[in-house]
Amino acid sequence: MINRRQTLAAAALLPAAAHAQTPAQAPWSPGRPITMVVPYPAGGPSDALARMVAAEMTKDLGTPVVIENVAGGGAAIGTLRVARGPADGTQIAFGSNQTHATNISLLPDGGGYQPVRDFAPIASLADLQHILVVRNEIAAHSVPEFLALLRAQPGRLTCASTGQGSAAHLTYELFKAKTGLEMVHVPYRGSAPLMNDLMGGHVDVSFATTPTVLSQVQAGRLRALAVASPNKSPHLPDLPTLAETGVQGVEADAWFALFAPAATPAPALARLRDLTAAAMSREPVREATTRAGMTVHVRDAATLGRFLDEDIRRWAEVIRTANVRPE
């Protein structure tokens, strides 16, 4: 016969037993393909990285992650589409320092979106370092010699960039602010004409991304003086950072990251973050990223959020001080 004490004891076990019998909650699944909007043309380093990550996410998720290139408007058109799109995990943005750090200070109304308010960070993927390069005829083989040349001939040398308000231009403006030394800024529409004129002797200097100048530096057609980064270049390991040469505060890595609309549910964000971390942990992806001239740098969502706040403030000050206006 079951007494009252046995009945109470059995009742006390019921919640735990019910919990133990409940299957683990299944991870979020989108139910339809995920679109990764890349706000740049197909074929560049950013597009290649996005496609690698999308392919790995597709394998793990079992649902296609497709790339949609929506270029234009200083990369704001595609980014705005995600900000205003479905917040259910099925549309994410391939973002960069341009889309999520500098556009807010460069474009009217920031391009129509707010990089912090309108987006939830997923993770960063990789950095693009800027290399200080000079044409071979410039009489400077080190940063101290280059600084001495700028002091002796103020405003004489020309510094080429990939466009007004581009990362290369802003790196030069940061260098100018930290050193007090000025060159004549010459904006180009893209890296190809810039490189032709730099090697042809029509311009003198550039802060160019590693993929743009690596082969030319290795072939001896351009001279690299330093990397404008907190870290040494894995592609040019003997090259000093600017800080190591005595120029402090010129750390201007471009970067790529993934973002979702701000209202995306937590389970979807958690799954997207796990998928991204898994993709970037795989050696073939890391090797291909490095071969493309980038540096793998995975920041989790919390770290990326803090970094984003800092990057927005830093470039806003540079843009304001130099009165930079996009073309």
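Each value in this text was obtained by applying a stated rule to the coordinates, not by laboratory testing. It should be emphasised that the depicted structure is a prediction, and the values quoted were computed from it without experimental measurement. In this analysis, Cβ positions are derived from the backbone assuming ideal geometry, glycine residues included, and neighbour counts consider all displayed protein chains.
Could you list GLU173, GLU251 in order of exposure, starting from the residue whose Cβ has the fewest other Cβ atoms within 10 Å?
The order, fewest Cβ neighbours first, is GLU251, GLU173.
Can you check how the C-alpha radius of gyration of the stretch 285-327 compares to 2.2 N^0.38 Å, as a plain ratio?
Dividing the Cα radius of gyration by 2.2 N^0.38 Å gives 1.63.
Mean shadow of the stretch 130-245, computed from the convex hull of its alpha carbons, in nm²? Before the final figure, lay out each step's value.
Details: hull surface 25.1 nm².
That works out to 6.3 nm², a quarter of the Cα hull's surface.
Report ³J(HN,Hα) in whole Hz for each residue of the stretch 50-67, in order, from the Karplus equation J = 6.51 cos²θ - 1.76 cosθ + 1.60 where θ = phi - 60°; Gly and Pro get x.
4, 5, 4, 5, 4, 5, 5, 5, 4, 4, 6, 7, x, 10, x, 10, 9, 8
Stretched out fully, how many nm does the piece from ALA55 to GLU182 gain, at 0.36 nm a residue minus the Cα gap?
Result: 41.2 nm gained on full extension.
Work out Dmax and Rg for the stretch 197-282 from the C-alpha atoms and quote the Rg first, both in angstrom.
For the stretch 197-282, the Cα radius of gyration and maximum Cα-Cα distance read 18.5, 55 Å.
Test of understanding: ordering ARG271, ARG306 by Cβ neighbours within 10 Å, fewest first, what list do you get?
Ordered by Cβ neighbours within 10 Å, fewest first: ARG306, ARG271.
Divide the volume of the convex hull of the Cα atoms of the chain by its number of residues and quote the answer in cubic angstrom per residue. All intermediate terms of the calculation are to be shown ahead of the outcome.
Numbers: hull volume 55.3 nm³, N = 327.
So the per-residue Cα hull volume is 169 Å³.
Taking the inverse of the average 1/r across all pairs of different Cα atoms in the stretch 171-233, what Kirkwood radius in Å do you get?
Mean inverse Cα-Cα distance, inverted, gives 12.8 Å.
With a 10 Å Cβ neighbour count serving as the proxy for reagent exposure, in which order, fewest first, do THR63, THR276 appear? Working shown, then result.
Numbers: THR63 15, THR276 23.
Ascending Cβ contact count within 10 Å gives the list THR63, THR276.
Looking at the chain only, what percent of DSSP beta bridges run antiparallel? Nearest 5 please.
So the antiparallel bridges in the chain amount to around 60 percent.
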